[in-house]
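Notes to accompany the following structure.
Here, each number is a calculation from the coordinates, and none is a lab measurement. It should be emphasised that the depicted structure is a prediction, and the values quoted were computed from it without experimental measurement. Using ideal geometry, Cβ is built from the backbone for each residue, glycine included, and neighbour counts are taken over all protein chains shown.
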Ligand code: HEC
């Protein structure tokens, strides 16, 4: 008989393992459920966000009670993959056993409203111009023309050169993305382009952008400014810290398209740049460091293929965020730091990796890593046929690659150097330049001639 897949075991065990049988007695929506929804669900389940339905009022929530019970008991919702043993993260959505049991008891007892007076005041969600979440953006940009995403597009990386070309450096606090067509956009990466290869390749073909799935070399040397996948708004760094975009640099927006709608589609995604203003003196540049294994050898059928990678800090650093990235065979990943005094800390541990959710996790307290601290990433892939997400059945040997049918294994950190003291007053582009950059987007329909 076949072994039960680890996933199936996890699904069976999870509710029992986590629930501690300590539910609030006779929970009501007003008193017990609304606070749980506010804290853990409404960030996504409100109008304009990625949750498929709002969970704000009793009226919103009641029809979904059974589905909520199921999703919460199985720990599918809220989506949060950092195990509680990880370093404490901001916005941690892990529900306690008591919260899960309370939701389950509420549904089993008929999903009662309770006394409306008990309802906590509704959360105030900041909304900014255009629905951006980090603040009013400084520059909203897009590829000038919409991109056709035919129904045959299964797994395509397209790169769109975006002309920025400022005559001074700017300091970037944050980037937000808005999928033009969320049904076909899987994720984005924004690069600052130092090579000019992508604009040259784009110019050679009439279609918007160019295919860039097999050519990581075109982007070698370019810096990743921001990655994005649904549900993730990367946090802004503290005052005095920002990413540098060099004078004259242009941008490349790489979009991973995955059209499973069965119909031809069109996408024109946008992103918003939030810049540091002259009243914020920049003391430190935010850096990114991947802890990545680039040589993967994942044998067909191996249910637990292990790879690791190390990176050693060569100066005293402070780390702010981390994450985990693999593709569909990704099973679990962790990043550990061992400081020179021998102390070992779990920065992140993702025991049930899910390719569909790629968060960047921000530490509540930044992690101080003295020079010589070793960061160790350990990843496991399940390349057996019991992995229901395995894209190739029967399984084949798999190596590192960009396509989702290849694999990756990286964690990483964003960090600053402790001894850096730049003391730079950032410059922002003039309103005329911003208007010119934003004005490049044309809403023309493609197709025909
Ligand atoms: C980070 C964003 C996010 C958070 C936080 C979140 N959800 Fe969701 N939720 C989603 C998305 C996106 C889907 C659709 C998933 C899909 O289609 O695979 C979803 C689906 C669901 C569904 C299934 C709806 C259906 O069609 O059957 C339920 C029920 C649900 N969420 C409840 C909750 C509850 C309860 C919480 C909090 C305890 C929560 N969610 C927190 C994003 C979120």
By Cβ neighbour count within 10 Å, fewest first, 168, 327, 258 rank 168, 258, 327
At a threshold of 8 angstrom on Cα-Cα distance, excluding pairs fewer than six apart, so keeping six or more, what relative contact order does segment 352-449 reach in percent? 12 percent
Could you sort 357-370, 199-212 so that the peptide with the highest average Cβ count within 10 Å comes first and the rest follow in order? 357-370, 199-212
Rounded if a/c under 1.5, otherwise prolate or oblate - segment 19-118, Cα gyration tensor axes: oblate
Just to confirm my numbers, what's the Cα centroid distance between segment 129-194 and segment 318-337 in Å? 24 Å
The relative contact order of the chain, taking Cα pairs under 8 Å that sit 6 or more residues apart, comes to a percentage of 20 percent
Shape call, the chain: gyration tensor on alpha carbons, a/c limit 1.5: rounded
